[in-house]
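Presented below is the structure to which this report refers.
Each value in this text was obtained by applying a stated rule to the coordinates, not by laboratory testing. Keep in mind the model is a prediction, meaning the values are calculated, not measured. No Cβ is skipped: glycine too gets one built from the backbone with ideal geometry, and neighbour counts run over all protein chains shown.
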Amino acid sequence: MSTHSLSLVPISCHRNPNDPASPLLLSLHPNGLFSSLIGQKLSIRSSHSRLVVSTRCRSTVATVLLSLPTAKPERTSSEKVPKWSARAIKSFSMAELEARKLKYPNTGTEALLMGILVEGTSLAAKFLRANGITLFKVREETVNLLGKSDLYFFSPEHPPLTEPAQRALDWAVDEKIKSGEEGEITTSHLLLGIWAEEESAGHKILATLGFNDDKAKELAKSINKETDLSF
């Protein structure tokens, strides 16, 4: 079971060439599922045909999977920072995929918005659809606003965040901390973080499609009501 739990994060295995008896080391690939995160080493030891993974190893994997990139380095080592929900993390990974589909060099707020809609099961996604904001419309407005990328350009495997997109993520974390509420940072926090970036493409697209401050306030009322999902 421990081996399966590691399959969510790309890893490589090696041991110290100067010491054949040294323990194996599992290293997280820097270009793995969440490439913006800081790679860490996980120690394991072999026992006949089985791999025995330490409790510290499992907790490290969990920490990686429950984090998103931040521009505030002090947060990476803080145990007080709330974790992102599974839906929010999936939305983020879908945002990277949408940026690649459009052959954009970065993951912007418009991609984060599309990621929320691709994930589709969160309160934020349902709220958007209930207000007539669909994935097809957001894609169309994105191309209208930002244009099409060069036909022969290929996006990086994990397009880096634009500054507005990074600020949207950090806004979501800050708002969760300021609220004093327990629980995870939800996709609703992420959507309101996009809306808070008034000059960003995501905000402009939302406004074009009818999202406004009143709708933002309505969504904010249920921001902590989303059922947590675990991996």
Checklist outcome for this item: Whole-Å distance linking the alpha carbon centroid of the range 169-190 with that of the range 135-154 is 29
Next on the checklist: Can you compute the FRET efficiency between N131 and K225 using 1/(1 + (r/R0)^6), with r the Cβ-Cβ distance and R0 = 22 Å? Round to the nearest 0.05.
Outcome noted: 0.80
Item to check | Distant-in-sequence amide H partners of L161 (H built 1.01 Å from N, under 5 Å) | outcome: T107
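How high is the FRET efficiency between N106 and S179 when r is their beta carbon distance and R₀ equals 35 Å, given to the nearest 0.05? It would help to have the intermediate numbers written out before the result.
Working: r = 29 Å, r/R0 = 0.84.
My answer for the efficiency is 0.75.
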Item to check | Computed FRET value (nearest 0.05) for K72 with Y152, which takes r as the C-beta separation and R₀ as 35 Å | outcome: 0.40
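Which of K90/K221; K103/K178; K148/K217; K137/K178 have a Cα-Cα distance over 31 Å?
Details: K90/K221 23 Å; K103/K178 36 Å; K148/K217 33 Å; K137/K178 33 Å.
Over 31 Å apart, Cα to Cα: K103/K178; K148/K217; K137/K178.
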Item to check | Label-point separation in nm, A216 to L145, each point 7 Å along Cα→Cβ | outcome: 1.3
Checklist entry - Taking a ≥ b ≥ c as the square roots of the eigenvalues of the Cα gyration tensor of the range 73-151, is the shape rounded (a/c under 1.5), prolate (a/b larger than b/c) or oblate? => result oblate
Checklist entry - What is the set of long-range amide H partners of I185 at a cut-off below 5 Å, with H atoms built 1.01 Å from backbone N? => result K83, W84, S85
